[in-house]
1. Looking only at region 328-352, filter to residues that are under 30 Å from ASN211 (Cβ atoms) and among the aromatic types (Phe, Trp, Tyr); which one of those is modelled with the highest pLDDT?
2. Can you find, within region 353-370, the residue that is modelled with the highest pLDDT among those that are acidic (Asp, Glu) and surrounded by fewer than 18 Cβ atoms within 10 Å (Cβ to Cβ)?
3. Any residue at all in region 286-302 that is at pLDDT below 75 and either farther than 19 Å from LYS317 by Cα or part of a loop (DSSP other than H, G, I, E, B) (or both)?
4. Kindly provide the set of residues from region 215-236 that are over 19 Å from GLU340 (Cα atoms) and at pLDDT 90 or above, ordered by number.
5. Of the residues that make up region 444-455, is at least one part of a loop (DSSP other than H, G, I, E, B) and at pLDDT 90 or above?
6. Any residue in region 165-185 that is aliphatic (A, V, I, L, M) and either at positive phi or surrounded by fewer than 15 Cβ atoms within 10 Å (Cβ to Cβ) (or both)?
7. Pull up region 44-75, narrow it to residues that are among the small types (Gly, Ala, Ser) and buried (at least 24 other Cβ atoms within 10 Å of the Cβ), then point me to the one that is modelled with the lowest pLDDT.
8. Out of curiosity, is ASN458 in contact with a strand residue (DSSP E or B) (Cβ under 8 Å, 6 or more places away or on another chain), assigned to a strand (DSSP E or B), among the polar types (S, T, N, Q) and at pLDDT 90 or above?
Amino acid sequence: MSKLRYYLKIMKRKIRLERITILLLYLISVVPICAQSVRSAYFMDAPARIKLNPALYPTNSFFNIPVIGSINASIASNTFGTSDILDLFRNNNEFYMKDRFRNNLKDRNKINASVNADIISFGWHKGKGFWSVNVGTRTDINANIDRSLFDYLYDIDKSHHNWTGQTYDMKDAEAHINLYTEIGLGYARQINRRWTVGAKLKFLLGMGNANLKINNIHVEGYLPTDGTIDPTKYKDYYAKIVTDATLESSLKGLKLKYSNKDDGGDNYHKYISDIKAGSFGIGGYGTAIDLGLTFRPISNIMLSASVLDLGFINWNKGCTKTAISKSTRTYDYTNYQDFESITSGKDVVNYKMLDLRSEDASKSRSTSLASTVVVGAECAFVKQFSLGVLYTNRNTQPNNISEMTFSANFRPNSWFNLTGSYSMIQSLGNSFGVGLKIGPLFLGTDYMFLGNNSKCANAQIGISIPIGKSKSKI
C-alpha cells in the first residue's frame with residue numbers, strides 16, 4: 001500500500017485534474033488511442049477483456065507495467081466533433097460562433113467522456129481458477145445541453161448586442177462528474193466444458209462527485225442602447241433573470257470557489273463562482289461488483305453476458321455541499337449595468353447567472369455507479385478464426401449509452417491476435433475499430449479517429465508481461 005500511496009501522491013501533485021482530462025481528450029483527437037475496455041478486445045486472448053466480463057480470463061498469467069499497463073479513454077457526442085469538445089473543455093468561446101457547429105446542433109446535445117487507468121494490475125492461474133487484482137483511477141464526465149443555451153451564447157457574442165426586448169429560456173441542462181479510485185479482486189472458474197463464471201469485488205475510494213442540474217434560466221430585458229438613457233423611457237427600461245438550478249457535490253479531488261454576496265442587512269452568503277481541481281483526498285467509500293458468465297451450447301459457439309459496476313459510493317458529510325438557485329432578479333434604468341455584467345459572460349456555465357447559494361449538507365449522500373450490461377456471441381469457423389457480435393448498454397446519467405459491435409477475430413496463438421470491428425450506433429456507422437496484440441503490447445480502438453469532426457473516438461493501450469506457460473481451458 002505504501003507504493004500505491006506514493007504513485008497517487010506523485011500523480012496528484014504534478015498534474016491538475018482538468019489538465020489530465022484535457023490532455024487525454026487531446027490525445028484522442030490526434031492519435032488513435034471506454035470506460036471498462038474497448039469492445040474490440042472482447043473476443044481476443046488479452047487481459048483487457050476481463051474488464052468487460054470477469055469470466056473471460058486469458059490463457060496466460062500476466063503482470064501489467066505500472067501506470068502504463070492499461071490506459072483507455074473514450075469520448076462520444078451526438079452533436080459535437082472532437083475539436084468542438086476540446087474547445088468546450090478549454091472554455092474557448094469561439095466554437096459556438098462557427099457555422100459548422102451551429103448546423104450540427106440538435107435540440108438535446110449530449111457529451112460522454114471517460115478516462116480509466118490502472119496503476120497496478122495482474123492476474124494468475126491457481127488450481128482450477130484464475131485470480132486478478134487491480135488498482136486504478138476512473139473519471140467519468142457526462143453532460144446534456146439544450147440548444148437554447150448555445151443560441152443565447154451566439155446572440156450575446158455578436159458585436160453591438162443590445163437588449164431590445166429579447167427573451168431566452170434555457171432549460172433542462174445537466175452535467176455529472178465522478179472521480180474515484182478502484183481496488184478490485186477478481187476470481188473466475190470454468191465449471192465444466194460448457195460453463196465458466198467469474199466475479200470481481202471492488203473497494204472504491206471516492207475523490208470527487210458533482211451533479212449540476214439546470215431546470216430553467218429565463219432572461220429578458222429592454223435596456224438603453226449604447227449606454228444612452230432616454231429620460232422619456234425610464235418606466236420602459238427593465239430586465240429580469242429567473243433561475244431554477246441545483247448542485248450536489250462531494251469534493252476532495254475537486255473544490256468549489258466562492259464569492260460572498262450581501263443578501264440584505266448583515267447577511268453575507270457564499271455563492272459558487274467556479275469548480276476547480278483540488279488536492280488529492282478521499283471524500284467517501286463504497287463497494288461494487290462485476291458478475292460474468294460464458295456458456296457453450298456446442299463446441300464452436302460461445303454465448304456470454306456480464307453486469308459491471310453494480311455499486312455505490314457513500315460520500316462523507318464533511319466534504320458534501322449542496323447549492324440551490326431559485327431566484328428572481330429584476331433591474332431597471334438605475335442598475336441595468338449589473339444585468340449587463342452578468343449576461344455578458346460567455347462561459348457555457350455562467351456561475352454569476354446561475355446564482356447558486358452554497359450550504360453545508362445536513363447529512364452524507366450516496367451515488368450509484370454507471371452500471372453496464374454486456375451480452376456477446378461468438379462463432380468459431382476454424383480454431384484460429386471467429387466472428388462475434390457484442391451488445392453493451394451503459395446506464396450513465398443523464399445519457400444512456402448503447403452500442404452494437406460486430407467483429408472478425410484472428411487468434412493463431414496467445415502472442416498474436418488481430419480483430420477488426422464495426423460499431424453501428426454511436427458513430428452512426430461512420431467508423432470502424434481495430435484490436436492488435438503482439439507479445440506484451442495491446443492496442444485497440446472501437447472508433448478509428450477520422451478527423452476533427454469525429455463524434456466518437458476511443459482507444460486503449462496496454463503492456464502486459466505474460467508469466468508462465470499458457471493454460472488452455474477444458
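The values are calculated or read from the model by the stated rules, or taken from the named source; none is laboratory data. As the structure is a prediction and not an experimental result, all values here were calculated from the model. Cβ coordinates were reconstructed from backbone atoms using ideal geometry, including for glycine residues, and neighbour counts include every protein chain displayed.
1. Kept after step one, since they are under 30 Å from ASN211 (Cβ atoms), are these residues of region 328-352: 328-330, 338-339, 341-352.
From the residues that got through so far, the ones that are among the aromatic types (Phe, Trp, Tyr) too are 339, 351.
On the way: PHE339: 89, TYR351: 82.
Filtering region 328-352 for residues that are under 30 Å from ASN211 (Cβ atoms) and among the aromatic types (Phe, Trp, Tyr), the one modelled with the highest pLDDT comes out as PHE339.
2. Start the filter on region 353-370 by keeping residues that are acidic (Asp, Glu), which leaves 355, 359-360.
So of that shortlist, the ones also surrounded by fewer than 18 Cβ atoms within 10 Å (Cβ to Cβ) come out as 359-360.
Values: GLU359: 78, ASP360: 75.
That would be GLU359.
3. Narrowing region 286-302 to residues at pLDDT below 75: none.
For region 286-302, residues at pLDDT below 75 and either farther than 19 Å from LYS317 by Cα or part of a loop (DSSP other than H, G, I, E, B) (or both): absent.
4. Scanning region 215-236 gives ASN215, ASN216.
5. Looking through region 444-455, at least one residue is part of a loop (DSSP other than H, G, I, E, B) and at pLDDT 90 or above.
6. Yes - at least one qualifying residue is present in region 165-185.
7. So, considering only residues that are among the small types (Gly, Ala, Ser) and buried (at least 24 other Cβ atoms within 10 Å of the Cβ), the one modelled with the lowest pLDDT is GLY69.
8. no
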